[in-house]
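J.: Dumping the structure here so I can ask a few things about it.
The values are calculated or read from the model by the stated rules, or taken from the named source; none is laboratory data. All values derive from a computational prediction rather than experimental measurement. Here Cβ is always computed from backbone atoms with ideal geometry, including for glycine, and neighbour counts include all displayed protein chains.
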């Protein structure tokens, strides 16, 4: 019976709140990494130049902007099921023969106790990520800046 109690306790004491918390933290870390990547791409575009008509112009000044991404939803599914079964059976066969002053009996007895337990669990995590336009403040700033890196070569 200890195995059944162990399975029951394990399944009913699952740390669901910890799993959901860890998923939230993971999504936040992933979002921060996406944002950092976009910022690094912004720096790279600002420092990369091409020469057009004798002028070196940064890709940023040409209108290239990095892609920004955001998680719009995250789903955590956890499914658990378990079953317990216990059965007891008893059977007895007896043959009794009576003769004069002699009694004999043959007894065949059987006793069986069976335990059956099973447990299963599954989980899945899904996240949806979409591309967003650059932050509005960045676009406004870029429109108002004098072309950085715009130099004329003679």
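J.: Suppose the filter is touching a strand residue (DSSP E or B) at 6+ places or on another chain (Cβ under 7 Å) and either modelled with pLDDT under 80 or at positive phi (or both); does residue 88 pass it?
T.: Considered against the rule, which asks whether it is touching a strand residue (DSSP E or B) at 6+ places or on another chain (Cβ under 7 Å) and either modelled with pLDDT under 80 or at positive phi (or both), residue 88 comes out as yes.
J.: If you don't mind, there's one more thing I want to ask. Look at residue 34 and say whether it is surrounded by 14 or more Cβ atoms within 10 Å (Cβ to Cβ), touching a helix residue (DSSP H, G or I) at 6+ places or on another chain (Cβ under 8 Å), within 29 Å of residue 132 (Cβ to Cβ) and at pLDDT 85 or above.
T.: Considered against the rule, which asks whether it is surrounded by 14 or more Cβ atoms within 10 Å (Cβ to Cβ), touching a helix residue (DSSP H, G or I) at 6+ places or on another chain (Cβ under 8 Å), within 29 Å of residue 132 (Cβ to Cβ) and at pLDDT 85 or above, residue 34 comes out as no.
J.: Further, regarding this structure: Hey, can you tell me all the residues within region 132-150 that are at pLDDT below 80 and exposed (fewer than 10 other Cβ atoms within 10 Å of the Cβ)?
T.: 143, 144, 146
J.: Answer with yes or no whether residue 129 is at pLDDT 65 or above, under 37 Å from the mean Cα position of the chain (by Cα), surrounded by 10 or more Cβ atoms within 10 Å (Cβ to Cβ) and farther than 30 Å from residue 21 by Cα.
T.: no
J.: Among the listed residues 63, 24, identify the single one that is exposed (fewer than 11 other Cβ atoms within 10 Å of the Cβ), at pLDDT below 90 and either within 37 Å of the chain's Cα centre (by Cα) or within 26 Å of residue 144 (Cβ to Cβ) (or both).
T.: On the way: 24 fails: exposed (fewer than 11 other Cβ atoms within 10 Å of the Cβ).
Just one listed residue meets the conditions, 63.
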